[in-house]
1. For Cα pairs less than 8 Å apart in space and 6+ apart in sequence, what is the mean separation divided by the residue count of the stretch 107-260, i.e. the relative contact order in percent?
2. Please tell me the relative contact order of the chain in percent, rounded to the nearest whole number, where contacts are Cα pairs under 8 Å and at least six residues apart.
3. Determine by what factor the alpha-carbon radius of gyration of the stretch 32-151 differs from 2.2 N^0.38 Å, reporting the quotient.
4. Between the alpha-carbon centers of the stretch 26-101 and the stretch 234-254, tell me the distance in whole angstrom.
5. What does the C-alpha gyration tensor say about the overall shape of the stretch 158-219? Classify as rounded when a/c is under 1.5, otherwise prolate if a/b is larger than b/c, or oblate.
6. Using mean Cβ contacts within 10 Å as the protection proxy, how do 62-72, 197-207 order, highest first?
7. Which pairs, out of LYS173/LYS212; LYS173/LYS218; LYS24/LYS212; LYS121/LYS141, put more than 26 Å between their alpha-carbon atoms?
8. Just want to confirm a number: the relative contact order over the stretch 33-148, from Cα pairs under 8 angstrom separated by 6+ residues, in percent.
Amino acid sequence: MSFLPVDLAGRVAIVTGGNSGIGKGIAMGLASAGCSVVVAARNTAVSREAAHEIEQQYGVRTLAVELDVKDVASIRRMPEEVVREFGRIDILVNNAGVTGRANLLEMSEDTWDHVLDTNLKGVFFCIQAVARHMMAQGYGKIVNISSIAGTGWTDVGGINYGASKAAITQLTKGCARALGTHGINVNTIAPGSIDTPILAVGRTPEQVQAYKDNAIGKSAIGRLGLTEDIANGVLFLVSDHASFIDGQTIAVDGGRFDLM
């Protein structure tokens, strides 16, 4: 992987859902910049493996923390554990997310709630919990991971997913306004089609291939994204180079011309 050369030595970052896919790529990118990394996810065994791999590869301190973003009590325990271990929290990347595919007339309340509680409610309460510590130190960088599904592209099998990601845009603006004078920047990255296992969720192999072909055909660059593409966007936003960027949603989508 090739990561943006920024210096985050001495910083401490939490990546929710950081044990696989885009989240793990982001965690690795932060570690490459010298940042201590907290991998926060439900599956602690996989998180420990990811944290160990990152520590061995980049020589930074890591910590695996159990976190269920649908559970506010779990969210509120998480920063306390991080502060006990590292003494501070500088960066939060809200990456944990799920899909729950169903057509409009077939979507159950449970499927709707599962996606909205994870992708939206979880993001808000993670920001709330971590912001208290960032405000006390007068510094913080928060990056929410959204999707082009929330910025214009619509999948009729994922209306709940698109709604949850669209809401992140306004949540980001509100939190940026509330926290900006405390030295905290809040921004969002909206990935396009990234080549990770989540593409296969709720799709047959034939549907996965059709999805990839469609995404590539609508990309000005002509390829699927990689996890490092999103990690590099995060690295820029949490660096000092982006200190005057706040409340923004930035698409990292390979130039999807169907959204321009």
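1. Here the relative contact order equals 27 percent.
2. 20 percent
3. 1.16
4. 20 Å
5. Prolate, because a/c is 1.5 or more and a/b exceeds b/c.
6. My ranking of the peptides, most packed first, is 62-72, 197-207.
7. Where the Cα-Cα span goes over 26 Å, the pairs concerned are LYS173/LYS212; LYS173/LYS218.
8. Reported relative contact order: 25 percent.
The numbers here are math on the coordinates, done by the rules we state, and not lab data. None of the values given here were measured: they were computed from a predicted structure. Neighbour counts run over all protein chains shown; Cβ positions are idealised from the backbone, glycine included.
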